[in-house]
Every structure is written in C-alpha cells, then in structure tokens.
C-alpha cells in the first residue's frame, strides 16, 4: 500500500493492521547520538492508549513499545529505528457481520472499490489504531527538538459536541479524561458522554495543539510551506475533517488593521498568523486546531448496501470510542512534532550556515 511513509529527511513508515499481530513504524533519518529508550516513548503512548476511562473504547491494549533497531547502548546510531507495538486484545468476531456490507461514514466501501478486497476486522489499515506508531515516532521527534531547541508541545480539547470548553489553564489537561484545559466543565462533560454512550450514538470534537520555543526559519516559501505541511499532517489523522492555523476561519470577519501581527522591539503584539509568515516559522508559538467528525462505528442501525449493491442495514457491535476526539490530543501533538522535526533537519541542511548580525537578531526577537 502506497502512502504509508511520512516526511522527507525524518521519514516514518507505518505498518500493520488493527487486528493483526502487531503494528509499528520504521523511523529513518533520526540524527545519531540522541539518548533514547522505551521509557522515553512509553509515556506518550500511555496518554493515547485505549481503555483509560469509561468514555473511550474498552479495548484493553497496553501498547507496550519495543525498540528493535537503531539504538545502541542507549543512543541512536543514525540507522533506521524500528518501533513495534503488539496487538493483544483483538476481538475480530465483533466484525463478522460486516464482511459483505459497508459501514456508512467508514472507509469500508472506498477500500473495497480501490483494492478489490477488504479486511473488515476493526477497519484494518483505516483504523485509528494505526495512530499509535505515529505517537511513538512523535515522541522521538519531541525528544530531539526539546534537546536541540527547547521545543515543547501541548494540546487540549476546546469543544465536545455542542459543549464549548473555556480555557482555564494548561495545568488542568492531565487531570481529566478529556484533555481539557479546564476544571469547571468536567462534570458537564462526564454527564454528556454518559448520556451519549447509553444512546449508542457518537459525537465530534475540536482540538487545539501548540508548539512553543520553535526556532525561526522552518518551512519553505512556496509548495513546502510549514503551515501547509502542518495542515497535511493533521488532515492525515483519522476522522479529521478540518484544520485551522492561527486565527483560522476567524480571519473572514477580521479587518486588515487587526489581523496583521504588529512587531515591536519586544516581539509580536499578537499571533493571528499562528506562528508562521509566508510559510516560514517566526519564532512565535505554532498554533493549530482540528475538527474531528463523530465516530462512524455506532450501535444505531443505518442503511447501507452489500457487495451485490442490494439494500442492507448495518449495526456495529465492536468496542468503539463514542468520541474519537477524546484521545486525539496526543496524536495531534505527535504529528505536529514530526512536521517540525522534518523541517528542522531540512533547515539545518540548507541554511545551517546563515548568520545575521547580533543587533538584527536582537531587534527581531519575538
């Protein structure tokens, strides 16, 4: 299957299926000498893994990562790094009724038309389970970017269904199952999800993701703009149907007098651009938001067709997230980190020798 490799200099090739023996990835292009072990990757996978609360799929996967290559005596060697995550809690029988029918909103129909056959077990390659290896690769990218530039990544849910979640502080994100930067709305969100789960339906979500302490100069002026590559990466996440950079669609109502981020001797006065100008990072925080559709696999019967084109009714009995957006924050962070890692290596390769006078750098510092 083509389209399983992401990045240019920091290349991640994803492999496996939702109900196969294992999933994983091969990372090619990681610089040598980075201190790396499974303990550096596992916490990120733990943030994403299923079964962590009653509001997500109860598939019990430990998602234990193994490093099979590319690390010697605790340091990366510069050769390909293979990460392996074994599947241990597949229930393929839950999908036995889907062999000849297609779940509305899912990739079943398009995969069958493209490849002429399909793996109905949990979505196969279209399953959100395949985001786990990308989170593992993103953990490696985060580690290198932090050591090299001091980069940090953070994200939060800003809306669940029709419930908007006001921002109250990043310190709240790890203390609730929604990755919400909020404490006052958690009881309402819990009740909302309990009612949704009982109804057998699903809902979408909005996630914000940010990178701070990003170096200036990442990205290219035309077809490899940093914001374009970020949008490409975030749209590659399962169920994402929209991406905003900075002020996003809010720019429609803005005037030019307020949208352009004014510069002062102390830095930028605002960040409507989301940390990029002309496709190149400015040194401000990178800010993006994603819209995630409702989970397609739901218990409620829906009209469909079978492989003969005849009418059919589809019910899904597997274990699914009533809102896939609940576990999407670590995934969005990982994909953002992979883009910045790739562009950091490209910037170092082409413009590593570029120097500006110290006075000019100080005047332009954000």
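No lab work stands behind these numbers, since they all come straight from the coordinates. As the structure is a computational prediction, the values presented were derived from the model and not from experiment. Virtual Cβ from ideal backbone geometry, glycine too; neighbours counted across all protein chains shown.
Some points to look at:
- Principal-axis tilt of helix 186-199 within the chain, Cα atoms, nearest 10 degrees: 30
- Size descriptors for the chain, from the alpha-carbon set: Rg then Dmax equal 21.4, 72 Å.
- When peptides 247-259, 166-178, 36-48, 138-150 are ranked by their average number of other Cβ atoms within 10 Å per residue, the highest-first order is 138-150, 36-48, 166-178, 247-259.
- The tail of the calculated P(r) for segment 136-262, taken as Cα-Cα distances beyond 17 Å, holds 70 percent of the pairs.
- Based on Cα contacts under 8 Å between residues 6+ apart, segment 5-364 shows a relative contact order of 21 percent.
- Rounded if a/c under 1.5, otherwise prolate or oblate - segment 111-188, Cα gyration tensor axes: oblate
- For segment 249-357: relative contact order, % (alpha-carbon pairs under 8 angstrom, 6 or more apart): 13
- Judged by the mean number of other Cβ atoms found within 10 Å, the most tightly packed of the peptides 26-35, 300-309 leads the ranking 26-35, 300-309.
- Three-way shape label, segment 178-222, alpha-carbon gyration tensor, a/c 1.5: oblate
- For segment 211-262, the gyration tensor built on C-alpha atoms gives an oblate shape. Its axis ratio a/c (a ≥ b ≥ c) is at least 1.5, and a/b is not larger than b/c.
- One quarter of the surface of the convex hull around the alpha-carbon atoms of segment 282-346 equals 7.6 nm², the direction-averaged projected area.
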